[in-house]
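Peer 1: Please find one structure pasted underneath; my questions will follow.
The values are calculated or read from the model by the stated rules, or taken from the named source; none is laboratory data. Bear in mind the structure is a predicted one, so any value in this text is a computation, not a measurement. We place every Cβ from the backbone using ideal geometry, glycine too, and count neighbours over all the protein chains shown. Heavy atoms of the whole protein, side chains included, go into the accessibility calculation; ligands, DNA and RNA do not. Shrake-Rupley method; radii C 1.70, N 1.55, O 1.52, S 1.80 Å.
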Amino acid sequence: ARLALARFAAAPGPRDASARPADGSVAVKIEIAPALRAALKLPGKQRKTRCFVEDRADERALRDAIETKVPALRLADYALEDRNGTVVVEGAAPEPEPEPAAPRAPAAAYRMLSYYHFFGDEKTADDVDAIVRALDRDWAALGVLGRAYAAPEGLNAQLAVPDDALGAFERRHLAFFEKLEEPAPGLNLARVVGRAEFDARPPFRALHVRARAQVVADGGGVDDLDLSDAGEDLDPARWHAELGGD
């Protein structure tokens, strides 16, 4: 949401004192546009809501209030537009690639890749839900196949990216982690698989982005695990020596 394009024009808040809470906040009606709701796979109950802000013209405060009500918007690109007193939330295409008008055709070739990342700070359940919905939306628009798991501790993904969309995927990857305020992990790029080989033995048939309790199911406890302590990096010669040499 930090990179979103704003088209919100502030409208006057309700004049009736009964519409204001005791703290003086203004009630604002919110409606999520159908296309954005479908792209983020939001439940029907989140189609319309309302939130309270001290100043309706303060867009940053309004966005924070909306994202509190609809956490899936925290990592989405969206614009706000006032329509007869109701603030409509519409999808805004992430830069620099516009959203395709129709689903992409199957790719001629796929680049196989993977990555994992442990967050600096553990995420909340709402954060994880926003991550899942944002990645599912962005990757589906590029025709990506594969599976990814998001958990409070981090992300783990194994994907097949259309080879002609790899550049767009990399740019969105960097932008996504910038929104998370996390360093973007490197992509482990594997080989390119042609369409005939992919169809003969498809590694993935669809895109699945899921929330999990852990990204690495090790079967052990994690309460005392310090993910920032990765041990000492060894060069190949020292690694060999530590293993006992020849």
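Peer 1: Right, residue 163: touching a strand residue (DSSP E or B) at 6+ places or on another chain (Cβ under 7 Å) and under 21 Å from residue 40 (Cβ atoms) or not?
Peer 2: So residue 163 fails the test.
Peer 1: Another question about this same structure. Failed condition for residue 172, given (1) among the charged types (D, E, K, R); (2) surrounded by fewer than 18 Cβ atoms within 10 Å (Cβ to Cβ); (3) modelled with pLDDT under 95, with all others met?
Peer 2: It fails just one condition, (2).
Peer 1: Can you find even one residue in the range 193-209 that is within 14 Å of the chain's Cα centre (by Cα) and either farther than 27 Å from residue 42 by Cα or of a type in the set (A, V, I, L, M, F, W, C) (or both)?
Peer 2: Yes.
Peer 1: Same structure, new question: Give the range 49-93 a look and list any residue that's touching a Lys or Arg at 6+ places or on another chain (Cβ under 6 Å) and either of a type in the set (Phe, Trp, Tyr) or touching a residue at least 60 places away in the same chain (Cβ under 8 Å) (or both), or say none.
Peer 2: Within the range 49-93, 67, 72, 75, 79, 81 meet the criteria.
Peer 1: Go through the range 120-142 and give me each residue that's open to solvent by 40 Å² or more (accessible area, probe 1.4 Å) and farther than 21 Å from residue 202 by Cβ.
Peer 2: Across the range 120-142, the qualifying residues are 120, 121, 122, 124, 125, 126, 127, 129, 133.
Peer 1: Taking interchain pairs and intrachain pairs at least six residues apart, which have beta carbon atoms under 6 angstrom, with the first residue in the range 171-198 and assigned to a helix (DSSP H, G or I) and the second open to solvent by 50 Å² or more (accessible area, probe 1.4 Å)?
Peer 2: 179/2; 195/108
Peer 1: Also, quick follow-up: When you go through (1) over 15 Å from residue 134 (Cβ atoms); (2) open to solvent by 30 Å² or more (accessible area, probe 1.4 Å); (3) hydrophobic (A, V, I, L, M, F, W, C) one by one for residue 204, which number turns out not to apply?
Peer 2: (2)
Peer 1: Can you work out which of the residues in the range 221-240 that are surrounded by 10 or more Cβ atoms within 10 Å (Cβ to Cβ) and assigned to a loop (DSSP other than H, G, I, E, B) is modelled with the lowest pLDDT?
Peer 2: Applying the filter and picking the extreme gives 222.
Peer 1: Looking for something within 26 Å of residue 111 (Cβ to Cβ), surrounded by fewer than 14 Cβ atoms within 10 Å (Cβ to Cβ) and charged (D, E, K, R) - is there at least one such residue anywhere in the range 143-160?
Peer 2: No, there is no match, as no residue in the range 143-160 is within 26 Å of residue 111 (Cβ to Cβ), surrounded by fewer than 14 Cβ atoms within 10 Å (Cβ to Cβ) and charged (D, E, K, R).
Peer 1: I'd like the full set of residues that are at pLDDT below 90 and buried (at least 19 other Cβ atoms within 10 Å of the Cβ), limited to the range 78-106.
Peer 2: 78, 91, 92, 94, listed by residue number.
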